[in-house]
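Reading through the structure tokens given below for one structure.
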Amino acid sequence: DAGVIQSPRHEVTEMGQEVTLRCKPISGHNSLFWYRQTMMRGLELLIYFNNNVPIDDSGMPEDRFSAKMPNASFSTLKIQPSEPRDSAVYFCASSLDSRGTFGSGTRLTVV
Amino acid sequence: GESVGLHLPTLSVQEGDNSIINCAYSNSASDYFIWYKQESGKGPQFIIDIRSNMDKRQGQRVTVLLNKTVKHLSLQIAATQPGDSAVYFCAENTWEYGNKLVFGAGTILRVKS
């Protein structure tokens, strides 16, 4: 298995632009998680899906952030418009139970 | 104002020594715990897990101990190697959370050769 696949690995964008992060979970996993990691706040859960349905989005910072999971093999996290304070590493993880497997992350820099 | 980042505890050990990394968890109802290792530039990687009906679980060179009375979890690494240098996170789960894990702040392990 290729594991959880995230793209792009690095993204540099200008403030105000739309950013879309992508994730392909492990086949057969029924839960998908989006995390954000910063030096200020550590590893924060933004949202998680169970069987493609959003279960808990209480960690999404504000309306500029949105996430979708149109099918079991794909999810996106979108930031529109992006701001410099959104700069972070964004991780996607998937699981069949509570044992999450993480992707390599997307390092987002908003200038 | 001045920005302040998380101040992660750091454990420095000599190569070959044993390491003990500690974690205090928050929810007394948590019944499943995981230790993750995160190397620079990578995502967290599963090391070992334990359920609340156990006090101890052993893996290859690693042991997790659980003390539910004081809500404390520890990770012991035997014969620490340079490749063990990383940030270590404990995570907790309870049925209230569904499959959601709540992560601690992390501990930096530095192995001196």
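Quick check on the stretch A:23-39. Is at least one of its residues within 12 Å of the chain's Cα centre (by Cα) and surrounded by fewer than 17 Cβ atoms within 10 Å (Cβ to Cβ)?
No, the stretch A:23-39 contains no residue that is within 12 Å of the chain's Cα centre (by Cα) and surrounded by fewer than 17 Cβ atoms within 10 Å (Cβ to Cβ).
Is the stretch A:87-109 home to any residue that is over 28 Å from B:PHE33 (Cα atoms) and charged (D, E, K, R)?
Taking every residue of the stretch A:87-109 in turn, none turns out to be over 28 Å from B:PHE33 (Cα atoms) and charged (D, E, K, R).
Determine which member of the set B:LEU75, B:LEU65, B:LEU11, B:LEU109 is in contact (Cβ under 8 Å) with a residue 60 or more places away in the chain, more than 14 Å from chain A (Cβ to nearest Cβ) and farther than 22 Å from A:VAL89 by Cα.
Just one listed residue meets the conditions, B:LEU11.
Output the number of residues of the stretch B:104-113 satisfying the condition of being farther than 21 Å from B:GLY43 by Cα and part of a strand (DSSP E or B).
1
Would you please name the residue that is nearest to the other protein chains (Cβ to nearest Cβ), looking only at residues in the stretch A:1-40 that are assigned to a strand (DSSP E or B), closer than 22 Å to B:GLU92 by Cβ and not charged (D, E, K, R)?
Out of the qualifying residues, it is A:SER31.
If you check every pair at least six apart or on different chains, which have Cβ atoms under 9 Å apart with a residue in the stretch A:41-58 that is more than 7 Å from every other protein chain (Cβ to nearest Cβ) and part of a strand (DSSP E or B) first and a residue that is surrounded by fewer than 16 Cβ atoms within 10 Å (Cβ to Cβ) and modelled with pLDDT under 90 second?
Hits for this filter: A:GLU44/A:PRO61; A:LEU46/A:PRO61.
When you look at B:LEU6, is it part of a loop (DSSP other than H, G, I, E, B) and either under 23 Å from A:ARG36 (Cβ atoms) or modelled with pLDDT of 95 or more (or both), yes or no?
yes
Need a quick list: strands (runs of 3 or more DSSP E) entirely within the stretch A:67-110 having at least 3 residues that are surrounded by fewer than 23 Cβ atoms within 10 Å (Cβ to Cβ) and away from chain B (no Cβ under 14 Å).
Because the criterion is at least 3 residues that are surrounded by fewer than 23 Cβ atoms within 10 Å (Cβ to Cβ) and away from chain B (no Cβ under 14 Å), the strands (runs of 3 or more DSSP E) in the stretch A:67-110 that meet it are A:74-79, A:106-110.
The values are calculated or read from the model by the stated rules, or taken from the named source; none is laboratory data. No experiment lies behind these values; they were computed from the predicted model shown. Every residue, glycine among them, receives a Cβ derived from its backbone with ideal geometry; neighbour counts consider all protein chains shown.
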